[in-house]
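In what follows, a single structure is set out as structure tokens and then discussed.
The values are calculated or read from the model by the stated rules, or taken from the named source; none is laboratory data. Since this is a predicted model, take the numbers as computed values, not measurements. In this analysis, Cβ positions are derived from the backbone assuming ideal geometry, glycine residues included, and neighbour counts consider all displayed protein chains.
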Amino acid sequence: VGGNAAVVVASESRPLAAIELAEVLATSDVPGGIANLLTGFRSELAPVLAAHMDVNALDVTGADGDVPELERLAADNVKRIVRGSADAQSPWEIAGFLELKTVWHPMGV
């Protein structure tokens, strides 16, 4: 997302599309480690991702009851926590994951 690697947890009830996408990515020209698709139970994977020091942002859409615990685990390395809408269709939804910086270049007159 926005030039970063993505770790995505597939749907627990319908993981087939994510598994097929993982197969396509594995045989494509996309560099390894850019898109990481995990299958498993969200209740087991989310706390590990929230506490992992190399994960910089976490989208907690759909993790209604688990959000306070995930926020507590994410606080150790000050992760961005994004609470998106499950029915959002805007490309600007990823803006919460981006780190925008302004660069100032002094110029002589």
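Give the residue, chosen from Gly96, Gly84, that is part of a loop (DSSP other than H, G, I, E, B), surrounded by 13 or more Cβ atoms within 10 Å (Cβ to Cβ) and either out of contact with any Cys (no Cβ under 8 Å at 6 or more places or on another chain) or modelled with pLDDT under 75 (or both).
From the options Gly96, Gly84, the qualifying one is Gly84.
Which of (1) free of Cβ contacts under 8 Å to residues at least 24 places away in the same chain; (2) in contact with a strand residue (DSSP E or B) (Cβ under 9 Å, 6 or more places away or on another chain) is the odd one out, the single condition Val24 does not satisfy?
(2)
Can you name every residue in the range 23-54 that is surrounded by 11 or more Cβ atoms within 10 Å (Cβ to Cβ), closer than 30 Å to Arg72 by Cβ and among the aliphatic types (A, V, I, L, M)?
Matches in the range 23-54: Ile34, Ala35, Leu37, Leu38, Leu45, Ala46, Val48, Leu49, Ala50, Ala51.
Restricted to the range 51-81, and to residues that are among the acidic types (Asp, Glu) and outside any strand (DSSP E or B), which residue is nearest to Val7 (Cα to Cα)?
It comes out as Asp54.
Pairs under 6 Å by beta carbon, first residue in contact (Cβ under 8 Å) with a residue 12 or more places away in the chain and aliphatic (A, V, I, L, M) in the range 53-71, partner loosely packed, with under 15 Cβ neighbours inside 10 Å and part of a loop (DSSP other than H, G, I, E, B), six or more apart or different chains?
Every condition considered, the pairs that remain are Val60/Arg83.
Yes/no matrix, rows are residues, columns are (1) in contact with a helix residue (DSSP H, G or I) (Cβ under 8 Å, 6 or more places away or on another chain); (2) at positive phi; (3) not hydrophobic (A, V, I, L, M, F, W, C):
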| site | (1), (2), (3) |
| --- | --- |
| Ser11 | yes, no, yes |
| Arg14 | no, no, yes |
| Ile19 | no, no, no |
| Leu25 | no, no, no |
| Val30 | no, no, no |
| Gly33 | no, yes, yes |
| Leu37 | yes, no, no |
| Glu44 | no, no, yes |
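Looking only at the range 1-39, count how many residues are in a loop (DSSP other than H, G, I, E, B) and under 16 Å from the mean Cα position of the chain (by Cα). Talk me through it step by step, then tell me what you get.
Going through the range 1-39, the residues in a loop (DSSP other than H, G, I, E, B) turn out to be 1-5, 10-15, 27-34, 39.
Next cut, under 16 Å from the mean Cα position of the chain (by Cα) only: 1-5, 10-11, 33-34, 39.
Here the count works out to 10.
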